[in-house]
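Chemist: I'd like to ask some things about the structure below.
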Amino acid sequence: MIKGTTKIIGIFGYPVEHTKSPAMHNAAFEHLGLDYCYVPFSVKPEGLKAAVDGIRAFGLAGVNITVPHKETVLPFLDKLSEEASFIGAVNTVKNENGILTGYNTDGIGFMRSLEEKGVQAKGKKVLILGAGGAARAVGYALCKESFECHIYNRTVEKGIALCGHLAKAGGKVRMADNDSINDKVFLSEMDILINTTSVGLAESDAPLLKTSLLAPGQIVCDLIYKQTSFLKEASKAGCVTMNGLGMLLWQGAAAFEIWTAAKAPVEIMRKALEKNLLG
Ligand SMILES: NC(=O)c1ccc[n+]([C@@H]2O[C@H](COP(=O)([O-])OP(=O)(O)OC[C@H]3O[C@@H](n4cnc5c(N)ncnc54)[C@H](OP(=O)(O)O)[C@@H]3O)[C@@H](O)[C@H]2O)c1
C-alpha cells in the first residue's frame, strides 16, 4: 500500500511500456515488507535533464535508466561508480540527499547469471559479438578478470575502439573479423560465445556465425531474453545455452541492493519476472 512515507524508485526509458522491472522490484519490496514502490516513467530524450532534476525535486530514492538514456544521462549526475565511468553508461541511479550517483550493474548481472549456470569464466577464451553498450558492460566485467576476449562487430571501427578501451581494463583483447567468426579452428578455441547484438530479436534473424561449426560443451549466451535462433541452433549442436533473462534478474538484484541495502530476494524476483514474461 502506498503511504506518505513510501519511497519511490523509477525507471526512465523511451519507450518504457515493455519493461519487466516493475514486476520484479515490486514483488521484492512486498516480499521483504519494504516501504518502497517501483514506477515506470516514459521520458523522451529532450526531457531527460528535467526528469533527472525531478529525481531530486520529488525525492525519488533512485531510478533505473534504460534505452535510450543510458549514456546521455551521465552529464546530469553528480558522481559515477568505477564501472559506470569506465563503461560510459549508467543503468542505476541512487539519490542520497540530492546527490545522484550513477552505477552500471549490467556487467555484474551477466557474470552472476554465468556463475548460476555453474560456468567459471576465469581463464576462459570468450568471443563477444557486438560492440554496443551491452558489450561494453559485459566486456568490462570479463576483462577485469583477465580473460582473453575477442570482439566481433559489424561496424569494424566501433569494434576496434571497444578493443582498445577494454584493453585498459587489464584483459587480453583482440578483434575478430568475418573470416574468424566463421572459421572452425578459431571457433573451437572459444569456451564462451556471447551475442550482445540485437540480432535475434526478430524470429527471422539468422545467427551472426555458422552454428554448424560449434562443438558440444561450448557455452553460448544471448543477452536477448528469449530463445533466439542462435541459442536454438547452438543447443542442437550440444552447446550449453543461456538467454538474457538471468542477466536481467541479476542486474536488478544488484540495483535493488544499491537502493535498499537489503539482500535481494532473488527467487521471488525471478518468479515475478517469469510470470510477467509469460503474461
Ligand atoms: N539481458 C539484459 O539484461 C540486457 C541488458 C542490456 C542489453 N540487452 C540486450 O542487448 C542487445 C544490445 O543492446 P545495446 O544496448 O548494446 O544496443 P546498442 O548499443 O545499440 O548496440 C547494438 C549492437 O548490435 C549490433 N547490431 C545491430 N543490428 C545488427 C545487424 N543487423 N547485424 C550485425 N550487428 C548488428 C550493433 O552493431 P553496429 O555497431 O555495427 O551497429 C551493435 O554492436 C539488445 O537486444 C538488448 O535488449 C540485454
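Every number in this text was worked out from the coordinates using simple rules, so none of it is lab data. These numbers come from a predicted model, not from an experiment. Quick reminder, even Gly has a Cβ in these numbers, built from the backbone with ideal geometry, and neighbours come from all protein chains shown.
Chemist: Treat segment 107-243 as a sphere of radius equal to its Kirkwood radius over Cα pairs and apply Stokes-Einstein at 37 °C in a medium of 0.692 mPa s; give the translational diffusion coefficient in µm²/s, rounded to a whole number.
Modeler: Using the Kirkwood radius from Cα pairs, D works out to 225 µm²/s.
Chemist: Under the Karplus relation 6.51 cos²θ - 1.76 cosθ + 1.60, θ = phi - 60°, what is the ordered set of whole-Hz ³J(HN,Hα) values for segment 68-77, x standing for Gly and Pro?
Modeler: x, 9, 4, 9, 6, 6, 3, x, 8, 9
Chemist: Rounded to whole Hz and in sequence order, give me ³J(HN,Hα) for segment 251-258 from the Karplus expression 6.51 cos²θ - 1.76 cosθ + 1.60, θ = phi - 60°, writing x for Gly and Pro.
Modeler: In residue order, the calculated couplings are 5, x, 4, 5, 5, 4, 6, 5 Hz.
Chemist: I need the semi-axes of the equivalent ellipsoid of segment 71-111: take the C-alpha gyration tensor, multiply each eigenvalue by 5, square-root it, list largest first in whole angstrom.
Modeler: Over the Cα atoms of segment 71-111, the ellipsoid semi-axes are 18, 11, 7 Å.
Chemist: Additional query: So how many Lys-Lys pairs in segment 107-243 land under 14 Å Cα to Cα, not counting same-chain pairs under 8 apart?
Modeler: Step by step, the pairs that qualify in segment 107-243 add up to 11.
Chemist: For residue 94, which lysines qualify as cross-link partners when the Cα separation must be under 18 Å and same-chain residues fewer than eight apart are set aside?
Modeler: Hits, sequence-local ones excluded: 7, 49, 70, 79, 263.
Chemist: How fast does the chain diffuse by Stokes-Einstein, in µm²/s, taking the Kirkwood radius from C-alpha pairs at 25 °C and 0.890 mPa s?
Modeler: So the translational diffusion coefficient is about 127 µm²/s.
Chemist: Show me 156-162, 67-73 ranked by packing, highest mean number of other Cβ atoms within 10 Å first.
Modeler: In descending order of packing, they fall as 67-73, 156-162.
Chemist: As a test of understanding, state the convex hull volume per residue of segment 134-183 from its alpha carbons, in Å³.
Modeler: Considering the Cα atoms of segment 134-183, their hull volume per residue is 66 Å³.
Chemist: Please turn the phi angles of segment 229-241 into ³J(HN,Hα) values with the Karplus equation 6.51 cos²θ - 1.76 cosθ + 1.60 (θ = phi - 60°), one per residue in order, whole Hz, x for glycine and proline.
Modeler: Listing the rounded values in order: 4, 4, 5, 4, 5, 5, 4, 4, 7, x, 7, 8, 10 Hz.
Chemist: A further question on this structure: If amide H atoms are built 1.01 Å from N in the plane of the peptide, which residues on other chains or at least 5 residues away come under 5 Å of the amide H of residue 220?
Modeler: Those lying under 5 Å, H to H, from residue 220 are 193, 240, 241, 242.
Chemist: By the scheme Lys and Arg +1, Asp and Glu -1, what is the net charge of all other residues having a beta-carbon under 11 Å from that of residue 165?
Modeler: Residues near residue 165 contribute +3 overall.
Chemist: A further question follows. Roughly speaking, what is the centre-to-centre gap between segment 149-179 and segment 1-42 when only Cα atoms are used, to the nearest Å?
Modeler: Centre-to-centre distance over Cα atoms comes out at 37 Å.
Chemist: Using the alpha-carbon atoms, what tilt in degrees (0 to 90, nearest 10) does helix 106-116 show relative to the longest principal axis of the chain?
Modeler: Tilt relative to the chain: about 60 degrees.
Chemist: Oh, and also: Kindly put 221, 163, 143 in sequence by how many other C-beta atoms sit within 10 Å of each C-beta, fewest to most.
Modeler: 163, 143, 221
Chemist: Provide the net charge surrounding residue 96, with neighbours chosen by a C-beta distance below 12 Å and charges set as Lys +1, Arg +1, Asp -1, Glu -1.
Modeler: Net local charge, residue 96 excluded: +2.
Chemist: Rank these for me by crowding, 148, 267, 274, going from fewest to most other beta carbons within 10 Å.
Modeler: Final ranking by Cβ density, sparse to dense: 267, 274, 148.
Chemist: Could you give the distance between the Cα centres of segment 71-112 and segment 196-224, to the whole Å?
Modeler: Taking the Cα centre of each part, segment 71-112 and segment 196-224 sit 29 Å apart.
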